[in-house]
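To keep things clear, I will list the structure first and then write my remarks on it.
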Amino acid sequence: MCGIFGIVAKEGNIAQKLLIIARRLQYRGYDSLGLATYLNGKIDLRKDMGTVESVVESLKLDKMKGNIGIGQLRWSTFGRPSTLNAQPHFDCDKDMVGAHNGNIVSFYQSKENLEKYGHTIISQNDGEICVHAVEEHYDTEKDMVKGIIGGIKEMEGSFAFVCFHKDTPEKIYAVKMGSSLVVGIGEDEHYVASDLPSILPLTNKYVPLNDGEIIELTADSYRIFSAKDGKEIVREPRVTDLSAEDAVKGEYDYFLTKEIHEQVEATEQLAFGLESDILDDLVDKLAEAEMAFLVGCGSSLNACNVGSYYLNNLAGVMSIPVIGGRFFEEFKNYKPSKNTVILCVSQSGETKDIINTINFAKPEGYHILGMINVPGSTVERMSEAYAYIGAGIERSVPATKTYTNQVVLFLILAARIGYKKGIISDKEFVSLKEEIHNLPKLVEKTIKDCNQKAKQLAMELSEIDAMSLLGYGVTHGVALEGALKIREINYISAEAMYSSEFKHGPLSIVEDGYPVIYVVAPKDKYYVTSHLSEVECRDGRPIVIGEHIKGLDKHVKPGDYFEIPKSSQLISPILAVIPLQLLALYMSIERGIDPDYPRNLSKTLTVD
Ligand code: M6R
């Protein structure tokens, strides 16, 4: 998804620093890059399609002069990738330049209106609409904040916008209207960017912004204004302990490989919080809930699927996983009771489908809770209580360590709630705690034990274009997650379902050698043996992921049993996703695909 950014500094050239931010926003997915800087009465705007490095090289972006500038990485939605549609854009007089992130859904209507007012719009890109809309009002108001307030009334959509004007060459402005945006505070300089990790090499001091806020940055000040009435808002900066180092590949070829390995540290980080009072609020609110909707998208939704098993079975909290984009349509006529909660699970905390759910549900009386990874995110700020999953920065588009930590946090919450309610005995709680503390070691062992086997299987499956993954009970979410990983970075069909469902139609796909992966938790041998035999007897290729289960191994070829370390019904699904992540990674490398940047995808999806 597009990323916008800007810097205003007291002196010196900021091009190199703009490029630091641009490089760190690449993970969001993009097809074009542009920068605009200001020096001695002139705006220098350079932009083109291509990778950051190719555009830097061809347009000499690193040599641009000026101590104020903005930039944008574009992921096309309105207008195909082209130099003209790349951002930033000029206004009619070329005295203002701006770029946006998100979508202006009123594109055609707003364009028509602006053209009627006399504006010339030269691209097919909705970012240009933002620039002209602000120009329209600035030209009468001669005040950038008022210009932005007027400009946003010309448009409908969900976006963030950054700009500067020749009339105020020591300031940059930005507005947050549904897409993420954060202010960074440096020494004698200020930054604005679509996310916090992108500015971490420059500062760890930041100011989170809410929707409907405009910021004005100079080298030594930041001011926040309401986009409704222009009133000034006072907000103190915060300091994050996220580290810039988390976001470099180090010894690994891909972020994905690194992040799979980082699951050892990530789970360790979380296990420490097991008894921490940081979770008290969330535990109390969930414990009181009559019903909990667990709302997420993609991998976060798959984590909700495993999480609902934990909450239903351990905590006595009636829990239903719901697709982020579906909540409103499904429950628009449902009146929540006083204690119905929605737990929003989102790594980024910015996913539009989740924000839409909150915007609909909050006024209806639902209690909004959050499970997030990025501090200061929109979900955090809209939640009554929230917890961080503590996975550190995740750069690769495919979620790995954040998915795992979401699942682990679900288990921790369920254990604490179950214990608090007396559903889990002292003995059971102590034993669960021990298991969670031991988890990082098991994660490490699983990676070590399964790595080579995953490589081998990836080679054997390098020609296939379809496969199925089945889970039962607690492993259903794991099969869904494995299939998502395989599909996302291999561009093949990998369908996951509840294993009892396979015989109700999909079984007809099975022919000689057709791969079907079974993710098995230790207590589910009875049903899984039956489901697996349906494939075995039709000459399909059953592959098992799970701890050693006596008898089950007889149904698969020797190399096709991914044995994970012995644990328990609740821990084993956390480990079982690892061989699937490794398999997806190695299959992707076999196919010559860069697993960190799968085509058409973006890390943070801030559009409908
Ligand atoms: O930031 P979120 O957790 O809300 O993102 C939701 C999905 O877009 C995300 O989990 C996506 O499915 C993964 N990148 C897939 O690996």
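The values are calculated or read from the model by the stated rules, or taken from the named source; none is laboratory data. Please read these numbers as outputs of a predicted model, since none were measured by experiment. Ideal geometry is used to build each Cβ from the backbone, glycine not excepted, and the neighbour counts take in all protein chains shown.
Regarding segment 51-71, can at least one residue be identified that is closer than 17 Å to residue 124 by Cβ and crowded, with 18+ Cβ neighbours inside 10 Å?
Checked against the condition, which is being closer than 17 Å to residue 124 by Cβ and crowded, with 18+ Cβ neighbours inside 10 Å, segment 51-71 yields no hits at all.
Assuming residue 430 fulfils every condition listed in (1) away from the ligand (no atom under 16 Å from the Cβ); (2) not in a helix (DSSP H, G or I) apart from one, which condition is it?
(2)
Identify, from the list 159, 164, the residue that is in a strand (DSSP E or B), farther than 21 Å from residue 37 by Cα and among the aromatic types (Phe, Trp, Tyr).
On the way: 164 fails: farther than 21 Å from residue 37 by Cα.
So the residue among 159, 164 that is in a strand (DSSP E or B), farther than 21 Å from residue 37 by Cα and among the aromatic types (Phe, Trp, Tyr) is 159.
From the list 474, 478, exactly one residue is among the β-branched types (Val, Ile, Thr) and either within 16 Å of the ligand (Cβ to nearest atom) or more than 26 Å from residue 586 (Cα to Cα) (or both). Which is it? Can you show your working first?
Details: 474 fails: either within 16 Å of the ligand (Cβ to nearest atom) or more than 26 Å from residue 586 (Cα to Cα) (or both).
Just one listed residue meets the conditions, 478.
Does segment 543-561 contain at least one residue that is modelled with pLDDT of 95 or more, basic (Lys, Arg) and surrounded by fewer than 24 Cβ atoms within 10 Å (Cβ to Cβ)?
no
I'm trying to understand the selection: among the residues of segment 516-544, which are touching a residue at least 24 places away in the same chain (Cβ under 8 Å) and more than 29 Å from residue 310 (Cβ to Cβ)?
Within segment 516-544, 538, 539, 540, 541 qualify.
Which condition from (1) over 17 Å from residue 560 (Cα atoms); (2) more than 28 Å from the chain's Cα centre (by Cα) is the one that residue 496 breaks?
The number of the failed condition is (2).
Against the conditions (1) free of Cβ contacts under 8 Å to residues at least 24 places away in the same chain; (2) acidic (Asp, Glu); (3) not in a loop (DSSP other than H, G, I, E, B), where does residue 187 fall short? Just the number, please.
(3)
Output the strands (runs of 3 or more DSSP E) that fall wholly within segment 490-608 and possess 1 or more residues being more than 16 Å from the ligand (Cβ to nearest atom) and touching an Asp or Glu at 6+ places or on another chain (Cβ under 6 Å), or say none.
Passing ranges, in order: 541-546, 561-563.
Does residue 177 fit the bill of being in a loop (DSSP other than H, G, I, E, B) and either in contact with a His (Cβ under 7 Å, 6 or more places away or on another chain) or buried (at least 23 other Cβ atoms within 10 Å of the Cβ) (or both)? Can you show your working first?
On the way: in a loop (DSSP other than H, G, I, E, B): no; either in contact with a His (Cβ under 7 Å, 6 or more places away or on another chain) or buried (at least 23 other Cβ atoms within 10 Å of the Cβ) (or both): yes.
So residue 177 fails the test.
Would you mention how many residues in segment 23-42 are surrounded by 19 or more Cβ atoms within 10 Å (Cβ to Cβ) and over 20 Å from residue 128 (Cβ atoms)?
Count: 6.
Can you tell me which residues in segment 213-271 are buried (at least 20 other Cβ atoms within 10 Å of the Cβ) and basic (Lys, Arg)?
258
Would a scan of segment 491-498 turn up a residue that is in contact with a Phe, Trp or Tyr (Cβ under 6 Å, 6 or more places away or on another chain) and either under 25 Å from residue 525 (Cβ atoms) or assigned by TED's automatic domain parsing to the domain that holds residue 296 (or both)?
Restricting attention to segment 491-498, the residues satisfying the condition of being in contact with a Phe, Trp or Tyr (Cβ under 6 Å, 6 or more places away or on another chain) are none.
No.
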